[in-house]
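Okay, structure first, notes after.
Laboratory data are not the source of any read-out in this text; all were calculated from the coordinates shown. In this text the structure is predicted, and so the values were computed from the model without any measurement. Glycine also receives a Cβ, built like all others from the backbone with ideal geometry; neighbour counts cover every protein chain displayed.
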Amino acid sequence: MLLSLAGEIEDEDSTLAERQEARAERFTGYSGKRASESAQALDEVERLAAMIPPGQPILVGHHSERRARRDAQRIENGMKRAVMLFERAEYWEERARSALIHAKYKERPDVRWRRIKKIEADLRKAEKTIGAVAEISDDVAG
């Protein structure tokens, strides 16, 4: 039933290194997108700040007070957004680097040897458990 739904199962065409490189490229794309969004948010903040003369206080009671406070809030929120997006860009860049480092680590012969030994130990444990269950079922049936 499951095989008819899943189709024929074949070996993977890509190696671990190729999959990790594709993953790193994807993460680099995420990083680039966040970096461009950060730059765009910073440009918007600079555009708003350029309209206000340097050192201009908010004139309390003046008809421009509401707009000045609103602009100040927009500038603050825009800066927070730009910093957050920049930090996310750095995060994705680090993830991309880590993916490549991890792929190189997994290809080391000593790491592969340890993994094979662990799988063999797990297989022996499973076979031992199956044997014990078979003995118990024979004792119960017999």
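Which one is right for this structure if Cα Rg over 2.2 N^0.38 Å is calculated from it: [x] 1.07; [y] 2.07; [z] 0.99?
Looking at Cα Rg over 2.2 N^0.38 Å for this model, the match is [y].
Between region 22-75 and region 81-142, what is the C-alpha centre distance in whole Å?
Centre-to-centre distance over Cα atoms comes out at 45 Å.
Work from the charge dipole of the chain (Cβ charges, +1 for Lys and Arg, -1 for Asp and Glu, about the Cα centre) and give the residue of 83, 38, 61 farthest towards its positive end.
Comparing the listed Cα positions along the dipole, 61 ranks first.
Stretched out fully, how many nm does the piece from residue 122 to residue 18 gain, at 0.36 nm a residue minus the Cα gap?
Details: separation 104, 0.36 × 104 = 37.44 nm, distance 2.80 nm.
Full extension of this stretch gives 34.6 nm more.
What ³J(HN,Hα) values, in whole Hz, does the Karplus curve 6.51 cos²θ - 1.76 cosθ + 1.60 give for region 110-125 when θ = phi - 60°, with x put for Gly and Pro?
Taking θ as phi minus 60°, the curve returns 5, 5, 4, 4, 4, 5, 4, 4, 5, 5, 4, 5, 4, 5, 4, 5 Hz for region 110-125.
What does the helix-only formula give at 222 nm for the chain: each DSSP H stretch with n ≥ 4 adding -39500 (n - 2.57), the total divided by the residues, and the result rounded to the nearest 500 deg cm²/dmol? Walk me through the numbers before you get to the answer.
Working: 4 runs with 115 residues, N = 142.
Helix contribution divided over all residues of the chain: -29000 deg cm²/dmol.
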